[in-house]
1. Could you tell me whether residue 361 is farther than 19 Å from residue 434 by Cα and not polar (S, T, N, Q)?
2. Run residue 617 past the list (1) more than 26 Å from residue 99 (Cβ to Cβ); (2) of a type in the set (A, V, I, L, M); (3) touching a residue at least 24 places away in the same chain (Cβ under 8 Å) and report the number of the one that doesn't hold.
3. In the set 117, 107, which member is assigned to a helix (DSSP H, G or I) and surrounded by 24 or more Cβ atoms within 10 Å (Cβ to Cβ)?
4. Taking the condition of being at pLDDT below 85 and buried (at least 24 other Cβ atoms within 10 Å of the Cβ), how many residues in region 54-86 meet it?
5. Of all residues in region 53-96, which are free of Cβ contacts under 8 Å to residues at least 24 places away in the same chain and under 27 Å from the mean Cα position of the chain (by Cα)?
6. Within region 155-165, is even one residue part of a helix (DSSP H, G or I), in contact with a His (Cβ under 9 Å, 6 or more places away or on another chain) and either touching a residue at least 12 places away in the same chain (Cβ under 8 Å) or more than 27 Å from residue 257 (Cβ to Cβ) (or both)?
7. So which helices (runs of 4 or more DSSP H) stay within region 225-312 end to end and still have 2 or more residues that are within 26 Å of residue 365 (Cβ to Cβ) and at pLDDT 85 or above?
8. Of all residues in region 201-214, count the ones that are in a helix (DSSP H, G or I) and surrounded by fewer than 20 Cβ atoms within 10 Å (Cβ to Cβ).
Amino acid sequence: MKTAIDESTGVVRADEHAGPERTGAWSGAGWLDAGLEGLVGLSIAVEFLVVLFNVLVRAITGNSVTWTQEVSELALYTAAFMGGAIAYARGAHMSIRILADRLPASWHRYQLALVDWLVFGTTAGMLGLFLPVLAQRSHESTPILNLPESLVSLPFALGLVLTAWFALVRLARAPRRAALVGLAAAAALFAALFAVQDAMAAMSSDALLAAVLAFLFAILLLGVPVAFVLALGSAVYVLWGGDPSGLSAVPVGMQSGANSFLLLAIPFFILVGALMSRAGLTAPLARLVDALLGRIRGGALMAVVATMYVFSGISGSKVADVAAVGTTMRDMLEDRRVPRGEVVAVLSASAIMGETVPPSIVLLILGSITSLSTTTLFMAGLVPAAVLGLCVMALVFFRAKGTERAEPTSAAEKGRSVVLALPTLILPVGLVAGIVTGVATPTEVSALAVAYAVVLACTSRPRRLALGWQSVRETVTTAGMVLFIIAAAAPFAQTLASAGVSAAIGDAMSGLSASPFLFMLVSILILVVMGQLLEGMPAVLIFAPLLLPIAVQFGINPVQYSMVLVMAMGIGSFAPPAGIGFYVAAATGRESVERSIRRFIPYFLILLAGVVLLALVPWFSTVLPSLLGLSTS
């Protein structure tokens with residue numbers, strides 16, 4: 001996936017459809033662009049106000065406001081499905097482009113057209129399956145506000161309509177020959193899916209699942225966005241399984257997959273990170289860390305690791321962390337003559353380290369799809385991240401021969417750095433304190449964090465209105481992409497469960513001589529590879545529900561296994577050749593991927609050793625939850 005870095009803010013923009021045919025208003029009309037972004041942004045703002053109102057009422061009366069749940073559901077569906085459509089239009093959906101980017105240049109337009117036609121066919125088919133469900137729900141009402149259920153489901157249908165429309169807009173801008181060839185290829189592919197239905201229905205369940213997975217990996221390598229691959233895969237499994245009447249369960253499962261109050265924290269944490277980055281609030285933090293560590297050998301790169309650790313507790317998004325911290329500290333690192341490839345390697349390694357620092361979006365998702373408490377996961381992630389961070393810093397120290405060190409910093413200058421960085425430091429500390437004390441839920445804490453970030457950004461940056469709108473636009477796109485993938489993964493996870501994949505994996509793992517550590521090692525290997533192929537978040541959505549129950553059967557603490565799982569997937573998603581995060585780090589560090597890979601290999605090995613250490617020592621993952629009286633089982 002290609003990326004572009006906003007030099008003024010460090011914000012990463014996905015640019016998988018870069019090219020002259022993709023310029024202009026992505027919806028076909030500029031006023032529609034602004035209107036759609038405004039509508040989704042308004043839904044996030046309404047939800048923000050509703051959550052704050054609920055916190056205030058509960059603080060005064062001790063009771064929650066029940067109707068806020070229904071408003072939250074409507075707002076979340078709007079952010080997930082209409083925001084997901086906007087993310088597709090802006091080329092921000094995750095996709096695997098290893099094969100697509102290696103095609104001859106003259107083939108790219110045909111590949112892009114094929115992808116757009118496949119997205120159009122998938123969303124149009126889902127819409128056709130969902131419309132009867134929508135009509136049926138028009139006769140039902142919500143229990144508290146008596147809203148028509150069809151109104152609550154409407155954002156999902158509109159999101160499908162918009163995505164199909166955006167695909168057609170893209171195709172209208174593509175060269176006519178490419179669009180026609182793409183149409184013929186997509187039509188042939190969909191026709192083949194129906195033509196082999198009877199033959200596939202006669203297969204054994206294992207053979208059927210293998211055929212579906214092979215098909216999915218094929219279209220994934222074509223560059224089809226991950227979310228649409230998951231949705232199409234669920235539908236193909238149902239179709240080939242011999243029960244076409246069950247196809248409507250796929251869009252219904254997608255809608256219900258986004259229905260979790262905990263998921264509301266995702267757009268809030270993304271908005272916090274966007275506000276803090278655009279307001280330039282990373283710089284005081286970076287200067288403070290550099291003042292404290294700059295005199296140590298390799299101190300400049302150690303400052304990158306420490307800053308990433310703290311900032312990971314603000315944005316919740318590791319790619320955003322890389323862009324914000326890397327852009328902020330880039331000039332200082334160049335002044336110290338730190339090789340750019342080394343900067344890229346340390347940025348990537350630090351992002352992996354920060355995968356479990358709260359408020360990690362991956363941990364939020366893990367808490368929403370398993371029985372594990374999000375508060376427990378957040379607290380459990382702090383020490384493992386510190387362990388990997390110390391491993392990276394130790395390697396930096398041994399590799400830092402000949403690099404320049406910072407000038408001595410007086411006590412007065414250090415004190416001034418602390419004062420300037422203090423407003424930024426209060427945010428991650430407050431997040432952790434609010435969650436640990438139980439004053440508010442993670443979702444409510446995320447809303448309070450937005451309020452604090454708004455105040456902080458308004459007092460530290462001019463052009464406040466433009467700053468806020470830019471942050472909202474970024475949040476609409478990123479949150480829409482994340483939530484849409486979560487929704488698409490829900491029916492796919494149900495498909496894997498019905499296919500008996502968990503039992504098959506358990507049977508395969510039973511040959512490991514009942515060794516928990518050997519199970520851990522095999523899991524790490526699988527998760528690193530899957531983190532490369534599916535990216536961290538989709539891989540967690542698919543494999544966490546499958547592997548966690550098996551880990552418990554091996555007697556492994558589920559919280560410890562969760563930390564190992566997330567870190568291993570993080571290594572995959574930030575490691576070359578397929579890890580998108582590594583390419584973002586290379587773009588931020590202004591260095592070629594080829595020169596950066598050589599310098600990343602030692603960090604890759606030390607991170608693997610660190611994850612193995614976490615697998616060997618449960619204490620790292622369970623010490624903080626145990627001290628705080630949180631359940632780790």
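The values are calculated or read from the model by the stated rules, or taken from the named source; none is laboratory data. Fair warning: this is a prediction, and the values are worked out from it, not measured in the lab. Backbone-built Cβ (ideal geometry, glycine too); neighbour counts: all protein chains shown.
1. Values: farther than 19 Å from residue 434 by Cα: no; not polar (S, T, N, Q): yes.
Answer is no for this residue.
2. It fails just one condition, (3).
3. Values: 107 fails: surrounded by 24 or more Cβ atoms within 10 Å (Cβ to Cβ).
Just one listed residue meets the conditions, 117.
4. 0
5. So in region 53-96, the residues free of Cβ contacts under 8 Å to residues at least 24 places away in the same chain come out as 53, 56-65, 68.
The one that is free of Cβ contacts under 8 Å to residues at least 24 places away in the same chain and under 27 Å from the mean Cα position of the chain (by Cα): 68.
6. Let us first name the residues in region 155-165 that are part of a helix (DSSP H, G or I), namely 155-165.
Subset that is in contact with a His (Cβ under 9 Å, 6 or more places away or on another chain): none.
No.
7. Working: elements: 226-240, 249-257, 265-278, 282-293.
So the answer is 226-240, 249-257, 265-278.
8. To start, the set of residues in region 201-214 that are in a helix (DSSP H, G or I) comprises 201, 205-214.
Checking the rest, the ones that are also surrounded by fewer than 20 Cβ atoms within 10 Å (Cβ to Cβ) come to 201, 205-208, 210-211, 213-214.
Going through region 201-214 one residue at a time, the tally reaches 9.
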